[in-house]
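Novice: One structure follows; several queries about it will come next.
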Amino acid sequence: MEVLEPGAVATRPVPIGRAEFQRAFQRLARQMRLKGTPQEAAQQLLQVPLEEELLAEVYRGRVLTLVPADDKASLTPMAEATLRARYLSWCEKRGGGDCLGLFDDGPYLRTDDRRTLALALAFDSVLDEAREALGRELSPRALLASLVWAAGMYLALWLVPEPTTKALAATLSVILVAWLGVDALWGLMDGWAHMATQAHEATTFEELRTAGADFARVVGTDAARALILAVGALTGRTLGEVATWMRSLPKYDLMVAQWEAQGFRVPVAVAVETVKVVETAVASSERALAVLTHPHGPLAGAMLSQNSSASTGGAQQGHSGTVAIRHRGGNQQVILGNGQRWHLPRGKSLADIPAEDKLGDELQAAANRIAKEWGPHRLSEAEREVIGQALAKGNYRSAAHLEGLARGRWVHARLKNEFEHLVWNRRGVDVGDPRPGGYQYELLSGTAENFGVHGRRMATEFFRMIFF
């Protein structure tokens, strides 16, 4: 698993010119295969139906999630008729009739229809460019409508409870992270959620246009073009076919460079299984993207990379693992299949971890055994007094933290007594093997906060984490 933290590096959407966007879209469109209505085609692509009524849950100006609404918020007959007329009028220059397929499931503009219309209004100029690229050779109406529906459903996936995208939707996330950068992708998601809420409350075409315009200012033309091309690359194709099409998209080299700049040594040289939102142990980040990959999937070595050798170097040593935390300094913490947790400074990989680490295993076993013996009765008088003062003031979190520190000191002292032959340090990594080629070990409680602190504090050190 790779974790992408917002703000870790400076990123921006890869610039895509109008002409190159149109050339790329024309190539993609010639081989798109659609089935059913635009809405059905989008649902088949992303393999998930969504709730019609979704409202944004906002905290301090940031959208946290979308939640289903209790009421259907239907419009009055007069407002419905007026909105319908304005929508059909807007469609006259865009293929005529019901150009977005909003009435395929009924004669009314439901909430999901209004969200889709607002998104189309936000992407209006880019969709006009795409329509122009298709010319008279292809019928653009159903194709563009399907892309708009798919783009809206994809963005909604991130904000429904427990957001996780899988299969093609996860692949779309990886493409967009490379093309836009993780910061712009968050902006895209948050902006869409605000727009979705405005669309839910809108009763007129003008209000939907305003919602779309607000979103367009957040997204920008480059991101809108990237989203349309990325969805187009996936529509009607298998994962293997997507890999081939990726290299034909505009500014492919810049996409690869931006992906690597965000911490990936080789851009997506493995198959993507899921992409989801996670809380991160890095104090300055509230959330991050976790990309779960599989080294033997259908996109192995094909997605965004010409050479996948760097990503599989650890496999030759018999190791497989996931990235638990990727720090801003380029260092990372990995968890091996056998449960070991190692800290890798920039430049180190799974291949640098020893195939066998008997001393580390002994330390870990001893730490587990000793930690089981801990209890409040192990506290010193001074520790009891300080913790009692915190409790008296109602500072329960502080009291728990103080007890955790006391537990850590006690386990550390017991381990030091049992392994006197090792080198114990007052600064830096806690303990080292004095033998030639020996490794270093850090003792720590197994909380996410503690893992994060130790990784940041010793970013340049290579060591195994002994946790309890």
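Novice: Looking for something at pLDDT 85 or above, within 28 Å of the chain's Cα centre (by Cα) and either in a helix (DSSP H, G or I) or at positive phi (or both) - is there at least one such residue anywhere in region 152-167?
Specialist: Yes, some residue in region 152-167 is at pLDDT 85 or above, within 28 Å of the chain's Cα centre (by Cα) and either in a helix (DSSP H, G or I) or at positive phi (or both).
Novice: Taking the condition surrounded by fewer than 13 Cβ atoms within 10 Å (Cβ to Cβ) and either hydrophobic (A, V, I, L, M, F, W, C) or in contact with a Cys (Cβ under 6 Å, 6 or more places away or on another chain) (or both), does Ala366 pass?
Specialist: no
Novice: Which members of region 103-151 meet the condition of being assigned to a loop (DSSP other than H, G, I, E, B) and more than 28 Å from Arg18 (Cβ to Cβ)?
Specialist: Phe103, Asp104, Asp105, Gly106, Pro107, Tyr108, Leu109, Arg110
Novice: Still on this structure, please answer the following. Within region 436-449, restricting attention to residues that are under 22 Å from Leu350 (Cα atoms) and not in a strand (DSSP E or B), which residue is modelled with the lowest pLDDT?
Specialist: Ala448
Novice: Take Asn331 and decide whether it is under 22 Å from Arg464 (Cα atoms) and either among the small types (Gly, Ala, Ser) or modelled with pLDDT under 85 (or both).
Specialist: yes
Novice: Turning to a different aspect of this structure: Just one of (1) assigned to a helix (DSSP H, G or I); (2) surrounded by fewer than 16 Cβ atoms within 10 Å (Cβ to Cβ) trips up Thr460, so point out which.
Specialist: (1)
Novice: Restricting attention to region 10-44, and to residues there that are within 15 Å of Tyr252 (Cα to Cα) and small (Gly, Ala, Ser), which single residue is modelled with the highest pLDDT?
Specialist: Filtering first and then ranking leaves Gly17.
Novice: Looking at region 135-153, can you tell me whether even one residue there is surrounded by fewer than 18 Cβ atoms within 10 Å (Cβ to Cβ) and within 17 Å of Ala233 (Cβ to Cβ)?
Specialist: Looking through region 135-153, at least one residue is surrounded by fewer than 18 Cβ atoms within 10 Å (Cβ to Cβ) and within 17 Å of Ala233 (Cβ to Cβ).
Novice: Enumerate the pairs (first residue in region 454-467 and assigned by TED's automatic domain parsing to the domain that holds Asp433; second residue anywhere and basic (Lys, Arg) and assigned to a loop (DSSP other than H, G, I, E, B)) with beta-carbon separation below 9 Å, excluding pairs fewer than 6 apart on the same chain, so at least 6 apart or on different chains.
Specialist: Once the first residue is assigned by TED's automatic domain parsing to the domain that holds Asp433 and sits in region 454-467, its partners that are basic (Lys, Arg) and assigned to a loop (DSSP other than H, G, I, E, B) give Arg456/Arg328; Ala459/Arg328; Ala459/Arg346; Thr460/Arg346; Phe462/Lys348.
Novice: Does Glu420 satisfy the condition of being part of a loop (DSSP other than H, G, I, E, B) and surrounded by 15 or more Cβ atoms within 10 Å (Cβ to Cβ)?
Specialist: No, not satisfied.
The values are calculated or read from the model by the stated rules, or taken from the named source; none is laboratory data. Model, not experiment: these values are computed from the prediction. All Cβ positions, even for glycine, are placed from backbone atoms using ideal geometry, and neighbour counts span all protein chains on display.
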